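S.K.: Following this message is one structure expressed as structure tokens.
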Amino acid sequence: MIARSLLLATVLSGPALFAAPFDTTQVAEDTKWLAHLDVDRLKSSSLGQYLIETVKAAIPKQEGSAISLNSDAVIAEIHSITAYGLSFDESAQNQSVLVLQTGPKAQAIIDGYLASMEGSNDANAPFKVLADKKFRTYLVGGEVHMTFPRKDLIIVSKDFVQVEKAMNVIEGRAPRISKKSPLLAPNSGQGFFFVASANGLDHIKDIPPQARILQKATGLQLALGEANGKVMTRLSLSTSDAESSNQLRRIIDGMIALVSLAQMENESLNKLTQSITVEETETNVALSLSYPAEDVKALLKAAMTPRSQSSRSASAGSSGSRTASAEVEVSDAVGGSVLKVANVDARSDNGNLARNATDGNPETYWGSVGRQQWIRCELDSNSLVREVKIAWYKPSERANKFSIQSSNDGVQWKTLVTRTSSTTLAGAESYNIPDTATRWVRIQCNGSSQNSLNTISELTFLGEPRYTAPVAAPAAVEAAAPPAK
């Protein structure tokens, strides 16, 4: 399992634009894919520090054991990790190698740990020495072979034959990868800590349906890093000719458009999608994005948090904020009085102004082009909003992707519901929302099933005007004051 996890994680991370320190003398000539992680550079980045702390926290404690490896000491000794493989087929796992550049203490740490384990007679020790090998070889987790060609270098592979071949490459007895290899594309920028590449993707058989786009490319290169507080990613796909590049570019543009039209309540994900840029040349299509590191960490934290835990946190946060904000969900009814709109504006328009959506004339409409376009309404008074009616312009021609949001100040917004409009209803379509005490309501639009055009003929809000949110009763006094003497 250890080998499978390490090698699979490396392959899935992507295969290179190359960051230092990378040593071509450690990689075999017939390599098909290659990945390199500059651990020192990773450790110096805020994203790397977050990932390392997350991994350390996930390592189970060895309760009841007097012996354990010091994770901080191990991490401090690792300077870079290079992985390469000789195949893409079902035997790829047995034809892959990890080469770790370490400090001088790595072998001493492992040998000291082994010596301690021998004294404890622990049958579950993760490291064992194989006595039948011609050079000192460790068996890790019962399936991974590991050896030290020298004190600052480690070779790891599931197959001992690959360990021997890697030893021959490092010691100069077997051919090494050429510095002109297409796997070693030059680094196009600074700050990358992970770089990877692969060639011959168009010859891979049995590609999963979700990865079929790779068959349009002959090679793949990925770089990941951090600079100036932002995480940078560059994915480059090599092609055989200009026609293939153009076709691949259209596929990628279509995929990005589909993602942008998805019903995503998380605005950070929408923002991440919007940050993607695509470039095309005759033999290459490249995607780049730059995103704040703090936002990336927040996305990772959300992705790794169990849904039940995040729901409890959200509930706790909601209940804790009710006394501090007028935006309070109290029930989930529908209908009520028509709420008067005092002001209306929009992020942008195509000549059809925002006021057209509240003028009572179904023949006029607000129009805007693009993702995350919005029309914002300030109600005449603080109100309890229960229902929103939207009359879409030409509703039968396209399904509109949108979210309904509320705000206590017109600046900070909360998504109440995310929906797709019907194409079978004529006139206004009604949307029930959690009953929300608010002054501002915003419709955030993400284009339609046909294009990126957003159009609304009329907006109507139903609920209770001049609403005052109930104030929580003060906590009861736990004990009466003692009588005066």
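S.K.: Which residue is nearest to the chain's Cα centre (by Cα), if the candidates are limited to the range 334-346 and must be assigned to a strand (DSSP E or B) and over 20 Å from L425 (Cβ atoms)?
M.R.: A346
Residues checked against (1) modelled with pLDDT of 85 or more; (2) buried (at least 18 other Cβ atoms within 10 Å of the Cβ):
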{"position": "P209", "(1), (2)": "no, no"}
{"position": "R234", "(1), (2)": "yes, yes"}
{"position": "L237", "(1), (2)": "yes, yes"}
{"position": "S245", "(1), (2)": "yes, yes"}
{"position": "A262", "(1), (2)": "no, no"}
{"position": "Q274", "(1), (2)": "no, no"}
{"position": "T283", "(1), (2)": "yes, no"}
{"position": "L299", "(1), (2)": "no, no"}
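S.K.: Let me ask something else. Would you confirm whether any residue within the range 350-357 is buried (at least 18 other Cβ atoms within 10 Å of the Cβ) and in a strand (DSSP E or B)?
M.R.: no
S.K.: A further question on this structure: Looking at this structure, is S368 crowded, with 19+ Cβ neighbours inside 10 Å, of a type in the set (G, A, S) and modelled with pLDDT of 90 or more?
M.R.: For S368, the condition - crowded, with 19+ Cβ neighbours inside 10 Å, of a type in the set (G, A, S) and modelled with pLDDT of 90 or more - is met.
For every residue, the table says whether it meets (1) over 36 Å from the mean Cα position of the chain (by Cα); (2) aromatic (F, W, Y); (3) modelled with pLDDT of 95 or more; (4) not assigned by TED's automatic domain parsing to the domain that holds G410.
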site: S325; (1), (2), (3), (4): no, no, no, yes
site: V328; (1), (2), (3), (4): no, no, no, yes
site: D332; (1), (2), (3), (4): no, no, no, yes
site: S348; (1), (2), (3), (4): no, no, no, no
site: N361; (1), (2), (3), (4): yes, no, no, no
site: I375; (1), (2), (3), (4): no, no, yes, no
site: S383; (1), (2), (3), (4): yes, no, no, no
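S.K.: Within the range 360-412, work out how many residues are charged (D, E, K, R) and under 19 Å from S449 (Cα atoms).
M.R.: 5
S.K.: Which is of a type in the set (K, R), closer than 23 Å to N356 by Cα and surrounded by 22 or more Cβ atoms within 10 Å (Cβ to Cβ), of K394, K401?
M.R.: K401
Residue by residue, here is whether (1) closer than 26 Å to L37 by Cα; (2) of a type in the set (K, R); (3) loosely packed, with under 13 Cβ neighbours inside 10 Å; (4) at pLDDT 85 or above holds:
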{"residue": "E118", "(1), (2), (3), (4)": "no, no, yes, no"}
{"residue": "A123", "(1), (2), (3), (4)": "no, no, yes, no"}
{"residue": "V140", "(1), (2), (3), (4)": "yes, no, no, yes"}
{"residue": "M146", "(1), (2), (3), (4)": "yes, no, no, yes"}
{"residue": "I170", "(1), (2), (3), (4)": "yes, no, no, yes"}
{"residue": "A174", "(1), (2), (3), (4)": "yes, no, no, yes"}
{"residue": "A185", "(1), (2), (3), (4)": "yes, no, no, no"}
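S.K.: Is one or more of the residues making up the range 464-480 touching an Asp or Glu at 6+ places or on another chain (Cβ under 8 Å), surrounded by 20 or more Cβ atoms within 10 Å (Cβ to Cβ) and at pLDDT 90 or above?
M.R.: No, that holds for no residue.
S.K.: Could you please find all residues in the range 429-451 being outside any strand (DSSP E or B) and crowded, with 17+ Cβ neighbours inside 10 Å?
M.R.: Residues satisfying the conditions do not exist here.
S.K.: Here's a follow-up. Give the number of residues within the range 227-242 that are basic (K, R) and either more than 24 Å from the chain's Cα centre (by Cα) or closer than 14 Å to D295 by Cα (or both).
M.R.: Of the residues in the range 227-242, the ones basic (K, R) are 230, 234.
Still in the list and also either more than 24 Å from the chain's Cα centre (by Cα) or closer than 14 Å to D295 by Cα (or both): 230.
Residues flagged as basic (K, R) and either more than 24 Å from the chain's Cα centre (by Cα) or closer than 14 Å to D295 by Cα (or both) within the range 227-242 amount to 1.
The values are calculated or read from the model by the stated rules, or taken from the named source; none is laboratory data. Since this is a predicted model, take the numbers as computed values, not measurements. Cβ sites come from the backbone with ideal geometry, for glycine too, and all protein chains shown count toward neighbours.
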